[in-house]
Amino acid sequence: MSQLQVLGWVTADPELKVSAKGNPYARFTVVERVGKRDAARQQYIQVWAFGQLADQLKQAGVKKNSYLWVSGSLELVEYVKKDGITRDKQLKLTLTDWRFAQPQRRQQRPAESAPFPDQTDFGTAEVIDGDRENLPE
């Protein structure tokens, strides 16, 4: 399994249910935008939350169009579509952590972050054109 972190919008209100053993769980889909401009596309990820995480989602009021940061283990799972015949695959994220997020406006640029305290400033490096000059050894 892979670990994944995603920023995306909830496509429909989460389905809150209780398992046969009485454990709460929630299921919802997050859509993220992948790529830029004309090459951008949407990718849908089904999110499953169990136990306390499902309760947190409900209490926090997560609903359609909530913008979330979600993190968890990712699997590609096969399923049968509503027609009962057609098989397809989807991304399934088992939630381990989540937060509400703020979408950034296109005009905004991320603020410059301060370097970590243990980082050393090496100054600017000399630019070498590898096609025209020998690379240092």
Worksheet item: Each residue of the stretch 25-41 in order: what ³J(HN,Hα) in whole Hz does its phi give by Karplus 6.51 cos²θ - 1.76 cosθ + 1.60, θ = phi - 60°, with x for Gly and Pro?
Response: 8, 9, 9, 7, 10, 10, 10, 10, 9, 10, x, 10, 6, 5, 8, 6, 8
Response to the item:
Most exposed to least, judged by fewest other Cβ atoms within 10 Å, Ser73, Ser66 sort to Ser73, Ser66
Worksheet entry | Quarter of Cα convex hull surface for the stretch 2-91, i.e. mean projection, nm² | 7.4
Worksheet item: At what distance in nm do the modelled label points of Val31 and Gln52 sit from each other, each positioned 7 Å from its Cα along Cα→Cβ?
Response: 3.3
Worksheet entry | At R0 = 41 Å, FRET efficiency that the Cβ-Cβ distance of Gln5 and Asp38 yields, to 0.05 | 0.95
Practice prompt. Quick one: how many lysine pairs does the stretch 2-91 have with C-alpha atoms less than 29 Å apart and a gap of 8 or more or different chains? Give me the count, please.
Written response: 25
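Every read-out reported here was derived from the displayed coordinates using simple, explicitly stated rules and does not represent laboratory data. Keep in mind it's a predicted model, so treat the numbers as computed, not measured. Methodologically, a virtual Cβ is constructed for each residue, glycine included, from the backbone with ideal geometry; neighbour enumeration extends over all protein chains shown.
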